[in-house]
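Structure first, commentary second.
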Amino acid sequence: MRKGILGLTAAAAALSLGLTACGGDSGDSGAAPSGSAPASSAAAKPAGKIGVILPDSKSSPRWETADHKYLEEAFKAAGVEYDIQNAQNDKTAFQTIADQMITNGATVLLIVNLDSGTGKAVIDKAKGQGVPVIDYDRLTLGGGASYYVSFDNVKVGKLQGEGLVKCLTDKKVDKPIIAELNGSPTDNNATQFKEGYDGVLKPKYDSGDYKKGPDQSVPDWDPRKANTIFEQMLTSEPKIGGVLAANDNLGNAAITVLKKQKLNGKVPVTGQDAGVQGLQNILVGDQCMTVYKAVKQEADAAAKLAVALAKGEKPTVSGTTKDTQTGQDVPAVLLDPLAVTFENVKDVVADGFVTKDELCKGEYADKCTEAGVQ
């Protein structure tokens with residue numbers, strides 16, 4: 001990973017994760033295990049098996065293209081046995097996979113919950129078997145996971161709100177009507193994102209600088225549902241002047257609708273995840289910004305915790321996050337996100353999250369050159 005803005009974030013993450021040994025789209029019900037690496041004979045204590053459950057492959061491409069890959073690389077480098085599966089947005093499958101992993105010898109679980117109820121059921125069962133659980137990316141409210149590894153999600157939302165304000169200011173839009181296309185109502189991250197961007201937008205609404213327009217959550221972060229929802233928003237309020245979309249998939253759904261009215265590029269749209277599609281939308285001017293979360297840093301931090309737990313250690317971390325349901329502080333590693341506009345798309349490529357070949361195909365080649373992508 002290169003140094004610079006993102007390199008500093010990585011260094012901060014490494015410092016925040018002070019591990020200390022104190023002893024001791026297919027709809028399938030789940031993908032096949034991704035593989036395993038042989039246990040290292042050099043370890044002082046043989047590590048147990050680590051089970052990872054990812055949520056789906058539709059709400060965001062990152063789960064399979066980034067998280068799966070980086071977690072697997074980290075576990076292989078550590079020489080531990082692992083099993084990575086995807087629940088494909090099936091709550092029953094999620095619990096079944098967890099049961100099978102514990103039965104098959106997993107001594108640590110790392111999960112991205114589909115909702116807090118399902119996540120808590122898995123955590124409760126794991127605890128009953130003496131298996132610690134790491135909440136990865138999404139906090140399970142009321143779950144009592146041993147650790148939580150994610151990004152500062154309120155800050156993610158704040159960057160989105162600030163990004164939309166800048167885009168509207170740059171376009172000199174007067175008293176714009178803002179549509180909010182929020183993430184899944186069952187995802188605590190979506191709640192935190194909204195807390196962040198509403199903190200930026202509410203003063204604008206209160207002052208009369210902006211007008212609050214349609215505001216709706218998208219079940220399961222489903223882009224098809226987002227498309228329908230935004231079509232209804234635009235029908236009810238044709239003069240929408242800006243769209244706070246909680247991630248790139250939802251943003252693209254809004255852009256697809258705006259294109260039909262020849263409003264793409266005229267109505268600023270936000271996003272998050274900095275995947276290929278979102279960055280391409282930024283390059284051509286249909287999306288005004290996204291938020292980059294360096295998934296490799298997140299995966300590496302989570303893998304480091306999981307490996308320590310699998311070796312019987314009790315790692316310590318410097319941060320905590322509040323479980324708003326129980327009021328308890330969960331030991332946490334929270335990383336810094338980065339706002340991305342046309343001016344720094346190149347940084348996401350330089351960081352290795354997407355490749356130039358993926359991003360700069362066909363019609364996007366000239367725009368990549370203009371943006372300084374190398």
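The values are calculated or read from the model by the stated rules, or taken from the named source; none is laboratory data. None of these values were measured; they are calculated from a predicted model. Using ideal geometry, Cβ is built from the backbone for each residue, glycine included, and neighbour counts are taken over all protein chains shown. Side chains are part of the model used for accessible areas, which takes the heavy atoms of the whole protein and leaves out ligands, DNA and RNA. Shrake-Rupley method; radii C 1.70, N 1.55, O 1.52, S 1.80 Å.
Residue count for segment 146-186 under the criterion of being under 15 Å from residue 245 (Cα atoms) and either aromatic (Phe, Trp, Tyr) or not in a helix (DSSP H, G or I) (or both): the result is 9. Being open to solvent by less than 20 Å² (accessible area, probe 1.4 Å), within 30 Å of residue 307 (Cβ to Cβ) and touching a strand residue (DSSP E or B) at 6+ places or on another chain (Cβ under 7 Å) holds for only one residue in 142, 163, 119, and it is 119.
Considering segment 47-83, the residues that are of a type in the set (A, V, I, L, M, F, W, C) and buried (at least 24 other Cβ atoms within 10 Å of the Cβ) include one that is nearest to the chain's Cα centre (by Cα), namely 54.
Restricting attention to segment 206-226, the residues that are farther than 26 Å from residue 336 by Cα and either basic (Lys, Arg) or open to solvent by 40 Å² or more (accessible area, probe 1.4 Å) (or both) add up to 10.
The set of residues in segment 84-93 that are outside any helix (DSSP H, G or I) and either acidic (Asp, Glu) or open to solvent by 40 Å² or more (accessible area, probe 1.4 Å) (or both) comprises 89, 90.
Entry remark, segment 295-354: residues being open to solvent by less than 10 Å² (accessible area, probe 1.4 Å), of a type in the set (Gly, Ala, Ser) and part of a strand (DSSP E or B) number 1 in total. Among the candidates 115, 135, the residue that is charged (D, E, K, R) and under 22 Å from residue 313 (Cβ atoms) is uniquely 135. Restricting 271, 278 to residues that are within 30 Å of residue 177 (Cα to Cα), modelled with pLDDT of 95 or more and part of a loop (DSSP other than H, G, I, E, B) narrows the list to 271.
Restricting segment 100-119 to residues that are of a type in the set (S, T, N, Q) and part of a helix (DSSP H, G or I) leaves a set whose member that is nearest to the chain's Cα centre (by Cα) is 116.
Taken together, the criteria exclude residue 149 from residues that are hydrophobic (A, V, I, L, M, F, W, C), touching a Gly at 6+ places or on another chain (Cβ under 7 Å) and either open to solvent by less than 10 Å² (accessible area, probe 1.4 Å) or closer than 25 Å to residue 322 by Cα (or both). Being within 19 Å of the chain's Cα centre (by Cα) and β-branched (Val, Ile, Thr) holds for only one residue in 257, 269, 243, and it is 269.
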